[in-house]
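Where a number appears in this text, it was derived from the coordinates with a stated rule and is not lab data. Model, not experiment: these values are computed from the prediction. Reconstructed Cβ throughout: ideal geometry from the backbone, glycine too, with neighbour counts over all protein chains shown.
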Amino acid sequence: MSELKPCPFCGGKPARQELEDGGQVIECSSCLASTPIHYDRCENLVSSWNRRSLPEGMALVPRSITAETGHKAGMIGDFHETITLECRHCEGEGCEECHGTGQHRRNIPVSWTTIKAIHRRIVELSEAHQDKEVQPS
Ligand SMILES: [Zn+2]
Ligand SMILES: [Zn+2]
């Protein structure tokens with residue numbers, strides 16, 4: 001049997017349930033999202049769950065990223081932005097520090113705090129969108 005993917009709505013653990021009337025269903029143990037009830041061809045249940053587990057073009061991401069989720073190690077140092085500083089002791093055209101431009105450009109890493117804040121905002125906006133478009137059944 002192939003493995004069940006996590007619930008698309010809450011990331012919870014799905015489990016196969018056998019109903020009293022003989023039907024079978026795969027249901028999320030946290031939010032109770034489920035496949036349609038199958039009375040025959042129960043071998044299709046797993047693929048039925050897995051197929052619906054993520055809508056096309058969607059990715060499953062944790063609500064917040066932390067060191068524990070592996071994102072800190074994976075992302076820190078990945079993003080930079082360029083800032084421009086005035087040359088503080090500028091000697092004009094012949095300035096050796098800034099080559100006469102009056103400015104220094106620095107490539108600084110985006111902080112982990114900022115990366116987390118951006119991720120949180122993406123989740124917020126995605127959930128607002130999902131509330132409108134997709135309802136757990
Ligand atoms: Zn769920
Ligand atoms: Zn200078």
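Mind grabbing the base-10 log of I(q)/I(0) for the chain at q = 0.10, 0.12 Å⁻¹? Debye formula, identical points on the C-alpha positions, no solvent, two decimal places.
These q points yield log10 I(q)/I(0) values of -0.55, -0.68.
Show me 36-45, 6-15, 87-96 ranked by packing, highest mean number of other Cβ atoms within 10 Å first.
Averaged packing, sorted descending, gives the order 6-15, 36-45, 87-96.
I'd like the Karplus ³J(HN,Hα) series for the range 40-46: coefficients 6.51, -1.76, 1.60, θ = phi - 60°, whole numbers in Hz, and an x wherever there's a Gly or Pro.
9, 6, 5, 5, 8, 4, 4
What list do you get for GLU86, GLU3 if you sort them by fewest beta carbons within 10 Å?
Ordered by Cβ neighbours within 10 Å, fewest first: GLU3, GLU86.
With just the Cα atoms of the range 1-60, tell me how far they stretch along each of the three principal axes, in Å, largest first.
35, 21, 18
Just the number, please: Stokes-Einstein D of the range 68-115 in µm²/s, Kirkwood Rh from C-alpha pairs, 25 °C, 0.890 mPa s.
Using the Kirkwood radius from Cα pairs, D works out to 192 µm²/s.
Which listed residue (ILE37, SER48, PRO6) has the Cα farthest towards the positive end of the charge dipole for the range 1-60, taking +1 on Lys and Arg C-beta and -1 on Asp and Glu C-beta about the Cα centre?
PRO6
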